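*Asks:* Please read through the structure below; I'll follow up with questions.
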Amino acid sequence: MQNTQLIVIEQLPIIAQQLETLSEHIKEKVDFALSLVVNDDTVEEVKKVRTDLNKEFEALDKQRKEIKAAIIAPYNELEGIFKEFVSSHYKGADEQLKARINAVEDEFKQAKQNDLKEYFDELCTANNIDQMGLTEKAWQIHNPNITLSASLKSLKEKAKEFIACMVDDIFAVEGMEYSAEIMAEYKQNLSLSIAMNTVNARHKAIEDERRRAEEAAVIKQAQEKAIAKVEAAMPASSPLAPPTITSSPDDDPVMTMVVRGSFTTRKSELKEIKKFLEERSFKYEQ
């Protein structure tokens, strides 16, 4: 397409206006309105002046809007024609070409990913990672960023480094305490540090609970010994004599029960017990 000006303005809009001349008249009226004193006697007159100013402005602004609409109308018509005969064709072609390009590039990236996955599986087999059932987990966590610019050689180098780190981790776990537990945790996310921290925290919690249980058992045993000593030091009490019942004039039977024994308490509390026995007419021997 030649560099031809296909859209031209044949004639610019010519707008005749006398706004600068009118401005002096407007300023005079505005200055007069602002010079008015507003009080109870003049408020109605000032309101009328304000109304007149607003009416004049609205009339002028209406003319401005009409001119604007007249100028814009041809452009709006041009814009619709442009979209129909120009934009729609270009944009439609761009969308189709983009889809075709993406399809080819996606196919190319998929082929690159297939080659890399085959190499990755071979590395896992050569290092016995497949026997541990970790091939797919390793591929998922490795998650290579396959782009058009990334070379297959660089992607294979990164895969080789990843598998080498896994081999070192697995070898290190074999010589650790709780190796089976750590390996079980390692298989979850292939992070040796997380696996070690998880297992160590678990065993620490178990050890803390075991120590707490032992301390509780020692305390319980000491309490039982103390109770046994107290019971052994208390004098043996005589068995309770069977109660005897005698009749009283008000048909409220009086029960007699003989209780023999001893107890230790404070003097003030002993007085309270004595007072209670006397108030309830209990007989006792001192």
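The values are calculated or read from the model by the stated rules, or taken from the named source; none is laboratory data. As the structure is a prediction and not an experimental result, all values here were calculated from the model. Every residue, glycine as well, gets a Cβ built from its backbone with ideal geometry; the counts of neighbours run over all protein chains shown.
*Asks:* Look at Leu60 and say whether it is surrounded by 11 or more Cβ atoms within 10 Å (Cβ to Cβ) and over 26 Å from Gln17 (Cβ atoms).
*Replies:* On the way: surrounded by 11 or more Cβ atoms within 10 Å (Cβ to Cβ): yes; over 26 Å from Gln17 (Cβ atoms): no.
Taking the combined requirement at face value, the residue does not satisfy it.
*Asks:* Another question, if that's okay. Testing Ala33 on (1) closer than 30 Å to Val8 by Cα; (2) surrounded by 11 or more Cβ atoms within 10 Å (Cβ to Cβ); (3) of a type outside the set (S, T, N, Q), one condition comes back false. Which one is that?
*Replies:* Single failed check for Ala33: (1).
*Asks:* Another question, if that's okay. For the stretch 92-121, how many residues are charged (D, E, K, R) and surrounded by 12 or more Cβ atoms within 10 Å (Cβ to Cβ)? Please lay out each step first, then the result.
*Replies:* From the stretch 92-121, those charged (D, E, K, R) are 94-95, 98, 100, 105-107, 109, 112, 115, 117-118, 121; that's our starting set.
With surrounded by 12 or more Cβ atoms within 10 Å (Cβ to Cβ) added as a condition, the list becomes 105, 109, 112, 115, 117, 121.
Number of matching residues: 6.
*Asks:* Right, here's the next one. In the list Lys204, Lys283, which residue meets the criterion of being of a type in the set (D, E, K, R), at pLDDT below 90 and on the phi < 0 side of the Ramachandran plot? Full working, then the answer.
*Replies:* Details: Lys204 fails: at pLDDT below 90.
Exactly one of Lys204, Lys283 is of a type in the set (D, E, K, R), at pLDDT below 90 and on the phi < 0 side of the Ramachandran plot, namely Lys283.
Here is a yes/no grid of residues against (1) β-branched (Val, Ile, Thr); (2) under 45 Å from the mean Cα position of the chain (by Cα); (3) outside the structural domain of Ser149 (by TED's automatic domain parsing); (4) not in a helix (DSSP H, G or I):
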{"site": "Lys62", "(1), (2), (3), (4)": "no, no, no, no"}
{"site": "Glu66", "(1), (2), (3), (4)": "no, no, no, no"}
{"site": "Lys83", "(1), (2), (3), (4)": "no, no, no, no"}
{"site": "Val86", "(1), (2), (3), (4)": "yes, no, no, no"}
{"site": "Phe108", "(1), (2), (3), (4)": "no, yes, no, no"}
{"site": "Lys112", "(1), (2), (3), (4)": "no, yes, no, no"}
{"site": "Tyr119", "(1), (2), (3), (4)": "no, yes, no, no"}
{"site": "Gln131", "(1), (2), (3), (4)": "no, yes, no, no"}
